[in-house]
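In what follows, a structure is listed as structure tokens, so that the remarks can point back to it.
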Amino acid sequence: MSVSAPTRPTRDPVLLAPISWRTPIIMTVLAALALFGFALFTPAGLESTIELTGASAAWQLPDLVIGSRAAALALVLVAFALAGLSFWTAQNRRRSMAVPVVFGICLVFAFLIWAVAGNASGLPLPFLLSTAMTAALPLIFGAFAGLLCERSGVINIAIEGQLLAGAFLTAVLATVAGNAYVGLIAAPVGGALVGLILAVFSIKYRVDQIIVGVVVNVLVLGLTSYLFSTVLSDDPLRLNNPPQLPALRIPLLADIPVVGEALFNQNIIVYAMYAAVVALHIGLFRSRWGLRVRAVGEHPKAADTVGIDVNRTRYRNVVFGSAVAGFGGASMVAAGLAFTKEVTEGRGYIALAAMILGRWSPTGALAAALLFGFADSLNRVLNNIGSPVPYEILAMLPYLATIFAVAGLVGRVRPPAGAGKAYPS
Amino acid sequence: MSENNDGREKPERTGAQPDAAQPDADAPSQAAAPQQPEAHTEAEPDGRGPEDSGRARRAAQAPAVPDTSPRPHPVDDGPTSSQARWATFRHEMLTGSWLLTLLAIVAALVISSVLIAVADADVRASAGYFFARPADLLSAAWSSIAGTYVALFRGSVFDYTVLTGGGVAELGRAISPLTKTMVEATPLILAALGIGIGFRSGLFNIGAQGQVLMGAATASLVGFTFVPPGTGPFSSLLHLVLALGAAVLVGGLWAGIAGILKARTGANEVIVTIMLNWIATYLVAYLLTTAVYRVQANRPIAPHVAETAELPSLLGSWSPLHWGFPLALLAALGVWWLMERSTIGFQFRAVGANMHAARTAGISVNRVFVMVMVTAGMLAGAGGAMQILGVEGTFRASSAGTIGFDAITVALLGRNRSGGIVAAAMLFGALRAGAALMQTVADTPVDIILVIQAVIVLFIAAPPLVRTLFRLPDPQRTRVAARAKEATR
Amino acid sequence: MTLELRGITKRFGSLVANDRIDLTFEPGRIHALLGENGAGKSTMMNVLYGLYTPDEGQILIDGEPVTFHGPGDAMAAGIGMVHQHFMLIPVFTVAENVVLGHEPTGPLGIIGLEQARTLVREISARFGFDVDPDAKIEDLPVGVQQRVEIIKALSRDAKVLILDEPTAVLTPQETDELIEIMRQLRDSGTAIVFITHKLREVRAVADEITVIRRGKVVGTASPTDSQAELASLMVGRDVSLGVEKGPAEPNEQALEVAGLSVLDAVGSPVVRDVSFTIRGGEVLAVAGVQGNGQSELAEVLLGLRKATAGSITLDGTELLGKSVDQVLRAGVGFVPEDRSKDGLISSFSIIENFVLDQYAQEPYAKGPAMQLGVGRQKTAEAVEAFDVRTTSIDDPVSTLSGGNQQKVVLAREMSRPLRLFVASQPTRGLDVGSIEFVHQRIIAERDAGTPVLIVSTELDEVLSIADRIAVMYRGSIVGIVEAGTDRDVLGLMMAGVPPEEARQEAVEHPTAMHEVEGEEPS
């Protein structure tokens, strides 16, 4: 029998993964789109005005007034330079988050400058950011709810329903009690009740989690709409007229130019959100609770063998997470707005997208939700001051961004390994 | 047509969820066990571990929980008597999936009754003095519930109130609601068939709504822009085929985006299709404001489609029923053949049941993803076209209604099989058809329909819950061995 | 601590997995539970570990009856288990895995990671392990992962340590080290339960042996009993511990693999510059510890993975770059490593599984229409020929036992003319009877003149059916040696030692098991 010559294990043959040119190519394409889409067509001689401080700020800064065409072109050129830099980092197999982020900011500002070129009233940047925060709130809490559930292995498609239930209960109870803070206490209860349905069906009856989520959304939409059309409409003043949640202005901090208003002149839900981000981040990644939750979400059987009750953990997380979403739902009626049919308008699904974009981490989800909130409020502001871009097209952007994201523009995202699968007990 | 599958649907399987079958389907059959006395849990070293052992533990702790492990034949000892056959039959009756479906519907109607009663002003008024005159509350509740369901029935099946003399015309008017139900069911059947194919192939297509909308938009565009040569039946047919074909094509392409992204990049189709729904909504809303749809006076409504593009009426002017309904039934038949008898369907089902094994067997999983999504989108697109060419004529942003979302529940209720989907679509079509009369006559808002739909599907998906509610026997606990194979199918 | 099982019975439906088992585990003893795959060993241990609740019987600790409601109770009672499939969370670090479930915590439930690291380091030091507490599990080789499992059990002060088929993933030398650890633990007073079906290991390490067959204790044996005696006790009849086969008669057909390299999903090489030739009529077995590129090699052959360099030619035709479907049509039969994941569709019927990779070809289909009758007839024939025990070929394949499922896979892959046969772990998890059957079929295919490639981590299997043996380590072929090579030499090669050095080393440092090997039946 022949014995072929043994091949020694080669030490390290130069076998490297093919370089991924995806990110730099996409950046180049986007920069080119910006260049030919609007930057080149910015009328010469016009100026763009951008407000930097809100009306209530202690220190007033003068409005920023710049030549539209020059500024837009300059920013797009910087974007091209960054795309070039991205080619270089890819060539050297480095990964940098900073380059795409700065790139994005450049393009957004180029766009803004073009959009408000020659507009007399100018772009109210502090107001824009402030409304962006408001728009982002349900998304942030929704995304937190999503990741709380999914980190323990239960996919939460029902965020939409939880937001809706939270908003409904908030509006009704805040009205009945005549106190906006009572609504805040009611909101998580609404979310948790919806979460309980999700939990019972997906954990106890082991129905597919996505199916339960979709159906629960229909159920909550039907319930709230039905009750709105009957009970609430019978007597809207006594049942659906919630008081406004007051803004709590933090002195000095709220006076910071540009961002002060958005960050520190907000209602209590925003401050609760700050606390939630910190608590969730530490809780998930540093605490015993988080370690166990992640273990259950990644490898339930392994968690079971070290004495962790998988399904109890899941029940708790789903109900708690849903309560968080319900709390976020309160923000949609916090400004003293009445509850209306489908007041959520699909925000629950965007929250889900924010969670995925944020790669199942609280800080990532926060960033993604803020981005979506910004896009939303920008669209509204531009629509008000007269935008050259149709409202519908801009409104599409978050959804398009999400598709790009899940299709791998921002790198592969990996959900918790155990998510979506029921665990028998 | 799909009875062979429906009858054997495993009770705790959602049907839509291919993975659910796997941990359950593990126990060796009665017949195989004595010859091969392997503790099956150990015989599978890989892949099965976690679910399997945990499941066995569950079965051990709570014997009431279903477990597909067959039990000994209870009538093994005696001769096969008619008594035993009757027992088997009775058992089948009590555990069959159609009974569960029926009970789920009953349960949903009961739960909705509570809502109807609670929301009724008279009921709430009489609740104030309940202890003084309890009968008032009960009669108020009864009248609101009965009023609602009777109106629903009259609006969707048979309106007996128009029968006074007994002429043929009156009879036509009386059963006209039933034909309206068929009209409502038409787009639901088509969209749900597509979703069902997706579910059986392991794809969660939440995007039927967008696909329906794109199909409707396209049918409208072709319907009012294209002018056929001449006016005869041939040119009408040509126009109709063109409008329908274009809608099918665009629906398929729109869904194909999700399929291609899934195949090329692994993007989760649930997320992508949800996003595509919103993009379709805004895209259509935008196009309706542009010259594409010849919008005048800022009203975002497309012109009425040309008469040549309209689906002809099937029964005459007394009924809204159009040719879309038989076409939808034909599509159901086609989908049945595709899934059960063709090599393409075999691929689809193989990928849905076990993607890895399908890949190892040479099936291109990525191509299947694209094909499934395109097929689903084509069906949904056709559904959208039916709505424009057969019912509305004019297209607006709200033309798709909630067809795409309702179709998900239809597919789930119909267990993703053609026959089941047609039946489920008729049920939900009836709810939609009857809703208008219910709202005007009984003053019950249409939103209750959503609740009924959702509750039915939730119950369908969790057979143990229904069994507990109605105290039915657990099929696994009393199953006869001979029936084991049917049940695990 | 003495642990006792009394009359333990566990049923799954009509199947009695454990039938009135009585066993006692005493401190300072290594108690081997010997039984073939499917005998009910793991079920019993899962009962003992609180994962299953027994239908009848009692567990006693030091004479006191105890009830376990879950693994937590068992652990609290001092029972530790090293699972056959490691219960480690791949994305966690070693320290996180070790403390999971009994985490040292500071204020607010923040985990004391430093304490966790210290714990890992201490236990590692005690047994001479070299384990980095901050390494991620998914980056560690299986041998090290097993040590993490042992550390995990010991960190909870296990008085009874259950090792479920612990040697399945180890080289003979690593097995030797494990045996050393087991002895060390025994000497410090731990009761060791060693579950295995490997006779050689039992004889090397056990203080007492209990043999389990078909869910029952069928007797006890002494480590000094011969392998043949143990084998017949385990299987219930005399077995030939090998395959009867004549010498290979290589023909002109050949599979030639040259310079093959493969990258994994994250771009690191899993197969490096692999070259070999298999002639028709011979069996080349690829040996190696799990995770050294063998599975990927097999997958590349079928076209399931893409290669970055090299060529695969079958009778002069290049296979690389072809789709799986094209490769199958070129006459390659493929038995995947994990039959339940890749080989079968459990909810499909036996017929559907039988036609799975030819469903679209004549005669199983005419154009787009499937010919169900043809599939039924051919399946019936194949089921007969391959002795698949089933009531009906319309049953879902999941109703079959593991051995019969594997026969369905073999029947499918061997029921057409083949020009190459590739099988990964063809007998994993099967009982002895099925193993014999599968081996016979493979040899029959070889004798029909087909080149055969077998990937196996089981040295016994490699030694019994191979004509030549290629040993893989970290994606490379360390060497290709003749069939009769000493298992110690192969073991060293599996750890990356080149053949010449390995031969020398094996003579100088024989493993403990080599010594008990004495009278191996051929």
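The values are calculated or read from the model by the stated rules, or taken from the named source; none is laboratory data. From a predicted model like this one, the values you see are computed outputs, not experimental measurements. Cβ placement follows ideal geometry from the backbone for every residue including glycine, while neighbour counts extend to all protein chains displayed.
On the stretch given as the range C:53-76, residues that are touching a strand residue (DSSP E or B) at 6+ places or on another chain (Cβ under 6 Å) and not in a strand (DSSP E or B) total 2.
The set of residues from the range A:158-182 being surrounded by 24 or more Cβ atoms within 10 Å (Cβ to Cβ) and either of a type in the set (Asp, Glu) or without any contact (Cβ under 8 Å) to a residue 40 or more places away in the chain (or both) comprises just one member, A:Glu160. Scan the range C:139-147 and tell me whether some residue there is closer than 30 Å to A:Leu280 by Cα and surrounded by fewer than 18 Cβ atoms within 10 Å (Cβ to Cβ). Scanning the range C:139-147 turns up at least one residue that is closer than 30 Å to A:Leu280 by Cα and surrounded by fewer than 18 Cβ atoms within 10 Å (Cβ to Cβ).
Of the helices (runs of 4 or more DSSP H) entirely within the range A:249-310, those holding at least 1 residues that are free of Cβ contacts under 8 Å to residues at least 12 places away in the same chain and either assigned by TED's automatic domain parsing to the domain that holds A:Leu139 or among the hydrophobic types (A, V, I, L, M, F, W, C) (or both) occupy A:268-286, A:288-298, A:300-305.
Of the helices (runs of 4 or more DSSP H) lying entirely inside the range B:121-201, those containing at least 2 residues that are among the basic types (Lys, Arg) and crowded, with 22+ Cβ neighbours inside 10 Å are B:168-200. Among the numbered conditions (1) aliphatic (A, V, I, L, M); (2) in a strand (DSSP E or B); (3) within 22 Å of B:His356 (Cα to Cα), the only one that C:Leu297 does not meet is (2). On inspection, B:Leu311 passes the criterion of being in contact with a strand residue (DSSP E or B) (Cβ under 8 Å, 6 or more places away or on another chain), outside any strand (DSSP E or B) and in contact (Cβ under 8 Å) with a residue 40 or more places away in the chain. The condition of being touching a His at 6+ places or on another chain (Cβ under 6 Å), outside the structural domain of C:Thr167 (by TED's automatic domain parsing) and under 30 Å from B:Met339 (Cβ atoms) holds for only one of C:Lys322, C:Lys341, C:Lys378, that being C:Lys341.
Residues are listed down the side, and each one gets a yes or a no for (1) in a helix (DSSP H, G or I); (2) more than 11 Å from chain B (Cβ to nearest Cβ); (3) polar (S, T, N, Q); (4) over 23 Å from A:Gly418 (Cα atoms):
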position: A:Thr134; (1), (2), (3), (4): yes, yes, yes, yes
position: A:Ile155; (1), (2), (3), (4): no, no, no, no
position: A:Glu160; (1), (2), (3), (4): yes, no, no, no
position: A:Leu184; (1), (2), (3), (4): yes, yes, no, yes
position: A:Ser202; (1), (2), (3), (4): yes, no, yes, no
position: A:Leu223; (1), (2), (3), (4): yes, no, no, yes
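Residue count for the range C:389-446 satisfying the condition of being among the acidic types (Asp, Glu) and closer than 20 Å to C:Ile345 by Cα: 3. If you go through the range B:453-471 and pick out every residue that is surrounded by fewer than 17 Cβ atoms within 10 Å (Cβ to Cβ) and either modelled with pLDDT under 50 or not polar (S, T, N, Q) (or both), you end up with 3.
The set of residues in the range C:11-27 being touching a residue at least 60 places away in the same chain (Cβ under 8 Å) and surrounded by 22 or more Cβ atoms within 10 Å (Cβ to Cβ) consists of C:Ala17, C:Asn18, C:Ile21, C:Phe25.
In the range C:359-381, is there at least one residue being assigned to a helix (DSSP H, G or I), facing chain B (nearest Cβ under 9 Å) and crowded, with 18+ Cβ neighbours inside 10 Å? There is no residue in the range C:359-381 that is assigned to a helix (DSSP H, G or I), facing chain B (nearest Cβ under 9 Å) and crowded, with 18+ Cβ neighbours inside 10 Å. Among the residues of the range B:272-299, which ones are within 10 Å of chain A (Cβ to nearest Cβ) and either in contact with a Leu (Cβ under 7 Å, 6 or more places away or on another chain) or in a loop (DSSP other than H, G, I, E, B) (or both)? Answer for the range B:272-299, where residues must be within 10 Å of chain A (Cβ to nearest Cβ) and either in contact with a Leu (Cβ under 7 Å, 6 or more places away or on another chain) or in a loop (DSSP other than H, G, I, E, B) (or both): B:Val272, B:Ile279, B:Ala280, B:Thr281, B:Val284, B:Leu288, B:Thr289, B:Thr290.
For the range A:72-112, the set of residues classified as on the phi < 0 side of the Ramachandran plot and outside any helix (DSSP H, G or I) consists of A:Asn92, A:Arg94, A:Arg95, A:Ser96, A:Met97, listed by residue number. If you go through the range C:78-99 and keep only what is touching a Phe, Trp or Tyr at 6+ places or on another chain (Cβ under 7 Å) and within 10 Å of chain A (Cβ to nearest Cβ), you end up with just C:Met81.
Checked against the criterion of being within 27 Å of the chain's Cα centre (by Cα), surrounded by fewer than 23 Cβ atoms within 10 Å (Cβ to Cβ) and either in contact (Cβ under 8 Å) with a residue 60 or more places away in the chain or assigned by TED's automatic domain parsing to the domain that holds C:Asp187 (or both), the range C:98-121 has no qualifying residue.
Scanning the range C:419-431 for residues that are surrounded by 21 or more Cβ atoms within 10 Å (Cβ to Cβ) and over 24 Å from C:His85 (Cβ atoms) yields C:Leu420, C:Phe421, C:Val422. Checked against the criterion of being of a type in the set (Ser, Thr, Tyr), surrounded by fewer than 21 Cβ atoms within 10 Å (Cβ to Cβ) and in the same structural domain as A:Thr224 (by TED's automatic domain parsing), the range A:349-356 has no qualifying residue. The listed residues are B:Arg417, B:Arg396, and the only one of them that is among the basic types (Lys, Arg) and within 20 Å of B:Ala309 (Cβ to Cβ) turns out to be B:Arg396. Look through the range C:306-350, keep the residues that are among the polar types (S, T, N, Q) and within 12 Å of chain B (Cβ to nearest Cβ), and return whichever of them is farthest from C:Phe421 (Cα to Cα). So the residue we want is C:Ser347.
Conditions tested, residue by residue: (1) of a type outside the set (D, E, K, R); (2) surrounded by 24 or more Cβ atoms within 10 Å (Cβ to Cβ).
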position: A:Ile256; (1), (2): yes, no
position: A:Gly260; (1), (2): yes, yes
position: A:Leu263; (1), (2): yes, no
position: A:Glu342; (1), (2): no, no
position: A:Leu370; (1), (2): yes, no
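Annotation: of all residues in the range A:311-336 being in a helix (DSSP H, G or I) and of a type in the set (A, V, I, L, M), the one that is surrounded by the most Cβ atoms within 10 Å (Cβ to Cβ) is A:Ala325. From the list B:Phe234, B:Phe224, B:Phe204, the one residue that fits, being among the hydrophobic types (A, V, I, L, M, F, W, C) and either free of Cβ contacts under 8 Å to residues at least 12 places away in the same chain or surrounded by 24 or more Cβ atoms within 10 Å (Cβ to Cβ) (or both), is B:Phe234.
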